[in-house]
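Structure first, commentary second.
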Amino acid sequence: MNPKLSQIIAKICLGLAMLFTISILIFIIIYILFHGLPILTYQFLSSPIQEMGKKGGIFPSIVSTLYLVITSVVVATPLGVGTAVYITEYTKKNKITDIIQFGSDCLAGIPSIIYGLFGFTFFVIFLGMGWSILSGSLTLAIMMLPTIIRTSEQAIRSVPQSYRDVTYSLGGSKWQGIKNIVIPKALPGILTGVILSMGRALSETAALIFTAGMSIRTPTSIFSSGRSMAVHFYTLAREGLSLPMAYGTASVLIISILFINFISYILMNQYLKKYS
Amino acid sequence: MVKIKTVNLNLFYGSFKALSNINLDVKKNQITAFIGSSGCGKTSLLRCLNRMNDFIRGVKIEGEVLIDGKEIYKNVVDLTNLRRRIGMVFQRPNPFPLSIYDNVIYGPKVHGINHQENLMEITKKALSSVFLWRELKNKLNDSALDLSGEQQQRLCIARLLAVHAEVLLMDEPCSTLDPIATAKIEELIMELKKKYTIVIVSHNMQQAARVSDYTGFFLLGEMVEFGKTEKIFTAPKDKRTEDYITGKFG
Ligand SMILES: Nc1ncnc2c1ncn2[C@@H]1O[C@H](COP(=O)(O)OP(=O)(O)OP(=O)(O)O)[C@@H](O)[C@H]1O
Ligand SMILES: [Mg+2]
């Protein structure tokens with residue numbers, strides 16, 4: 001085949017793949033919003049869950065979700081970034097770091113229900129935290145760690161060695177270099193990981209049913225039980241309680257995810273403009 | 001007066017001997033150039049002088065390095081202070097992705113100077129010393145990455161001056177610059193020698209001949225010849241030096 005022709009064919013195939021992917025994504029979003037948007041009223045967002053979700057709104061789930069996502073991010077980010085900094089800056093690449101790496105990659109592939117079971121036996125029962133936002137958040141945090149560690153590690157490794165050398169050659173310490181230059185420079189990459197894992201927390205169900213419980217009341221603290229929007233959606237859809245309400249909940253979820261990504265995209269661009 | 005002295009200095013990367021028996025005197029307020037073909041150990045030697053090799057795994061250093069007569073490997077030394085005094089300029093200009101001002105004050109801040117007025121004074125002085133102040137005094141908050149390569153390299157030098165470095169170790173500081181920019185940096189280097197002791201690694205023999213007072217010629221980890229630059233370039237004692245500077249190999 002002549003190169004020109006094969007070039008054209010390749011381009012068309014790749015283009016079609018792209019078109020296919022994008023269409024599926026857009027189709028899902030439009031389908032859900034089409035069914036869900038009519039339900040989305042102020043009433044829906046601000047009312048308590050009534051009759052197991054057949055009536056009322058999803059206010060308690062919105063609050064639970066916020067609690068869960070914020071708490072888990074607050075727990076997982078310092079742990080994950082700390083681990084990544086330690087692995088990249090303070091240890092030499094050897095067997096042990098390979099094992100940490102391998103372990104963390106394996107953790108990423110474990111089905112969430114297993115995390116749920118672990119969270120249940122460890123946080124809920126053993127530590128006596130009960131079904132609560134706290135148990136749920138800690139379980140989510142463990143699930144988020146591999147992603148945050150992986151992306152932070154890549155971001156930190158991509159900071160040129162010479163920046164660290166400059167800090168040394170000015171008489172600075174390793175930690176000063178990490179704090180002042182390496183982490184700020186790696187921040188967009190680190191944030192990408194945090195946001196990716198926030199998406200995971202937002203959409204998690206299995207692990208949360210075991211750990212945060214299914215209470216339809218509005219949580220008042222991290223020690224209350226609560227059902228996240230994803231869990232609420234799952235219950236509504238699976239038990240056939242109310243499909244319109246399920247779509248309404250799904251729309252809120254999708255809109256939140258799009259919103260988070262949009263905001264982080266803007267922030268990241270501004271940050272990159274300033275720092276690179 | 002001798003600022004830096006090495007005595008029987010050997011350096012190993014694992015089992016590979018990268019520097020062999022280096023005996024060198026770097027004179028104060030003079031420019032000393034290291035020349036030699038790629039891989040002969042110039043960078044390795046430079047990094048011995050402020051203990052930057054400490055960070056590389058598997059490095060073993062034997063022999064002595066004396067700064068102002070004080071041995072820096074065997075004695076307990078304040079590494080922070082040592083590295084502050086012996087600053088380093090790298091091959092590729094590497095300003096931090098921060099503003100011009102933040103680049104200059106990075107070092108002083110690391111050393112705990114936080115007073116705004118002092119920092120401004122330091123910035124002015126450091127940028128003036130590298131002849132950037134007039135050009136940049138109204139652009140201190142612009143990103144350092146928007147500067148030209150030559151300005152960036154000047155800024156990197158200013159960054160060292162801001163922490164009162166005494167010695168400037170320059171590892172091929174002009175290798176990414178065009179000839180005009182190179183000439184300007186060379187001019188700056190010759191100006192700086194009034195106040196600082198400079199060691200410069202160069203691939204470019206004309207450059208070494210133009211700027212330096214003393215030259216060391218390196219070959220495969222050995223310092224074949226060391227002496228006054230005119231001597232090395234006009235009447236080298238060693239056949240290998242002669243071959244290198246006349247371009248027979250290298
Ligand atoms: N971190 C390291 N680990 C192992 N070997 C190294 C390391 N750094 C340098 N070497 C080796 O030591 C020798 C000297 O290297 P060095 O970088 O000092 O040479 P150089 O004269 O600066 O070369 P160039 O002109 O290319 O910069 C080379 O053979 C190099 O491969
Ligand atoms: Mg080199």
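The values are calculated or read from the model by the stated rules, or taken from the named source; none is laboratory data. Predicted model, so just to flag it, every value in this text is computed and none were measured. Cβ sites come from the backbone with ideal geometry, for glycine too, and all protein chains shown count toward neighbours. Note: accessible area is taken over every heavy atom of the protein model, side chains too, but ligands, DNA and RNA are not part of it. Shrake-Rupley method; radii C 1.70, N 1.55, O 1.52, S 1.80 Å.
Computed from the Cα positions only, the extents of chain A along the three principal axes stand at 67, 64, 35 Å, in decreasing order. Straight-distance candidates among the aspartates and glutamates for linking to B:Lys193, with alpha-carbon spacing under 20 Å and chain neighbours fewer than 8 residues away dropped: B:Asp25, B:Asp68, B:Glu150, B:Glu166, B:Asp171, B:Glu172, B:Asp213, B:Glu230. Cross-link check: pairs B:Lys3/B:Lys184; A:Lys179/B:Lys3; B:Lys137/B:Lys184; B:Lys70/B:Lys195; A:Lys179/B:Lys124; A:Lys92/B:Lys17 evaluated at a Cα-Cα cut-off of 31 Å; pairs beyond the cut-off: A:Lys179/B:Lys3. Geometric descriptor of the protein assembly as shown, per residue, is 237 Å³ (volume of the convex hull of the Cα atoms).
Rounded to the nearest 20 debye, the dipole size of the stretch A:35-275 about its Cα centre is 440 debye, using +1 on the Cβ of Lys and Arg and -1 on the Cβ of Asp and Glu. Electrostatic tally near B:Ala165: other residues with Cβ closer than 11 Å to its Cβ, Lys and Arg +1, Asp and Glu -1, net +4.
Rounded to the nearest whole angstrom, the semi-axes of the ellipsoid equivalent to the stretch A:209-275, taken from the Cα gyration tensor as √(5λ), stand at 31, 17, 8, largest first.
Here is how the number arises for chain A: DSSP H runs of 4 or more residues each give -39500 (n - 2.57), the sum is divided by the residue count, and the result at 222 nm is -24000 deg cm²/dmol. Projecting the alpha carbon convex hull of chain B along each direction and taking the average yields 13.6 nm².
Among the trypsin sites (Lys or Arg not before Pro) found in the stretch B:217-249, those both in a DSSP coil and sparsely packed, with 10 or fewer other Cβ atoms within 10 Å of their Cβ, are B:Lys248. Placing +1 on the Cβ of every Lys and Arg and -1 on the Cβ of every Asp and Glu, with no other charges, gives the stretch A:126-255 a dipole of roughly 260 debye about its Cα centre. Applying both filters, DSSP loop and at most 14 other Cβ atoms within 10 Å, to the trypsin sites (Lys or Arg not before Pro) of the stretch A:107-204 eliminates every site.
Applying both filters, DSSP loop and at most 11 other Cβ atoms within 10 Å, to the trypsin sites (Lys or Arg not before Pro) of the stretch B:38-94 gives B:Arg57, B:Lys74. Note on the protein assembly as shown: with charges restricted to the Cβ of Lys and Arg (+1) and Asp and Glu (-1), its dipole about the Cα centre is near 300 debye. A 1.4 Å probe run over the protein assembly as shown, with the rest of the protein chains in place, finds 49 Å² accessible per residue.
Rounded to the nearest 500, the 222 nm mean residue ellipticity of chain B from helices alone is -10500 deg cm²/dmol, with -39,500 (n - 2.57) taken per DSSP H run of at least 4 residues.
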